[in-house]
Amino acid sequence: MRWITRERPKIDRIACPWLIRRFVDLEAEFIYVPAELVLQQAELLSAIPFDMPGVEYTHYNDECTFDYILKRHRIKDPALDRIATIVRGADTDRPDFAPQAAGLEAIFSGLAYNIGSDAELLSLGMIIYDGLYSWATHLFKKKHVQDGPVEQLLLQVYRQYLKREKGRKMPEWAENLKEMIQDQMDTNMTLSLQQASQELEINPAYLSREFSRYFDNLSFGDYMRKLRIDKAKLLIETTVHSLTEIAYLTGFSDQSHFNRIFKKHTGQSPSSYKKSLKK
């Protein structure tokens, strides 16, 4: 059977597919689409819509769609009842429902931030909920289990994420931005995030968020400052420009700002660095 819901799932919209596939329909297929298309696509694809207003499988009062599936399909399992409380607390911003709710919300918020593919989120989410089910079945009375099944499953998720990151190809916008920055090396390097986003025709918030993934784990500002200081060091080492001229050539608005940033990166003032080269 096909099931359909809103795109960009986090908690309930991953918990429900896990519950359905593990306890209701082993062959269930899940589809994520923009919210405004769910009902239209549900009819077109003969899919069951869930976790959205106005459909059968949704929130009722203080309970989540996960709770409704348990009742609707008469699933009796104390471990699932424990998970339901955690999901309810995480999905409705009520961490007081269960101590684990805040952690679950943090994990899936982080995954949603890092991963753009809904299918991949679901794949990793299935592993996490398998781990949570093991905890809720066997370990919920224990405060901590070193190298237990939950830890092992979370490690598996982490390794999958690292493998995905290692194989990540630099997107076209990042390649173009790298060329733009390289071109700036021959100017005074005043490229701003706003200018770059306009040139690349991408949202500045997206650029700011994604930049560090492809540029040495640095923010746009930190990366540009590092390049400017590297260029300043090169100019000090290889030219007869004054420090004031070098500050201008590397995009600093005034000498004091240049001195402060240079010292922060190198541990020396520009003048001290220049003197050290003569020794």
By count of other Cβ within 10 Å, fewest leading, how are LEU122, LEU104 ordered?
LEU122, LEU104
Net charge contributed by nearby residues that have their C-beta within less than 12 Å of GLN41 (K/R +1, D/E -1)
-1
Directionally averaged shadow of the chain, computed from the convex hull of its alpha-carbon atoms, nm²
20.7 nm²
Beta carbons within 10 angstrom, averaged per residue: use that to sort the peptides 216-224, 234-242, highest first.
216-224, 234-242
By how many nm would the segment from SER276 to VAL240 lengthen if fully extended, with 0.36 nm per residue of separation less the alpha-carbon distance?
11.4 nm
Kindly provide the helix-only [θ] at 222 nm of the chain, computed as the sum of -39,500 (n - 2.57) over DSSP H runs of four or more divided by all residues, to the nearest 500 deg cm²/dmol?
-19000 deg cm²/dmol
Using the Cα centre of the chain as the reference point, and only Cβ charges (+1 on K/R, -1 on D/E), how large is the resulting charge dipole? Debye, rounded to the nearest 20.
1500 debye
Translational diffusion coefficient (Stokes-Einstein; Kirkwood radius from C-alpha pairs) of the stretch 172-277 at 37 °C, 0.692 mPa s, in µm²/s
227 µm²/s
What percent of all Cα-Cα pairs in the stretch 37-132 falls in each 5 Å bin, counting up from 0?
3, 12, 17, 21, 24, 16, 6, 1, 0
Distance cut-off 28 Å, Cα to Cα: go down the list LYS10/LYS226; LYS178/LYS275; LYS10/LYS71; LYS10/LYS178; LYS10/LYS264 and report the pairs above it.
LYS10/LYS226; LYS178/LYS275; LYS10/LYS178; LYS10/LYS264
For LYS71 and GLU43, what is the calculated FRET efficiency with R₀ set at 22 Å and r taken between the beta-carbons, to the nearest 0.05?
0.30
I need the calculated FRET efficiency for the pair ALA28 and ALA205, taking r as the beta carbon distance and R₀ as 35 Å, to the nearest 0.05.
0.50
Ordering of 172-178, 79-85 by packing [mean C-beta count within 10 Å, highest first]
79-85, 172-178
I'd like the distance separating the alpha-carbon centroids of the stretch 1-49 and the stretch 72-139, in whole Å.
17 Å
Net +/- balance of residues flanking ARG22 in space, Cβ distance below 13 Å, scoring K and R +1, D and E -1
-3
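Since every read-out is calculated from the coordinates, none of them should be taken as a lab result. What you see is a predicted model; the values in this text were computed from it and never measured. Virtual Cβ from ideal backbone geometry, glycine too; neighbours counted across all protein chains shown.
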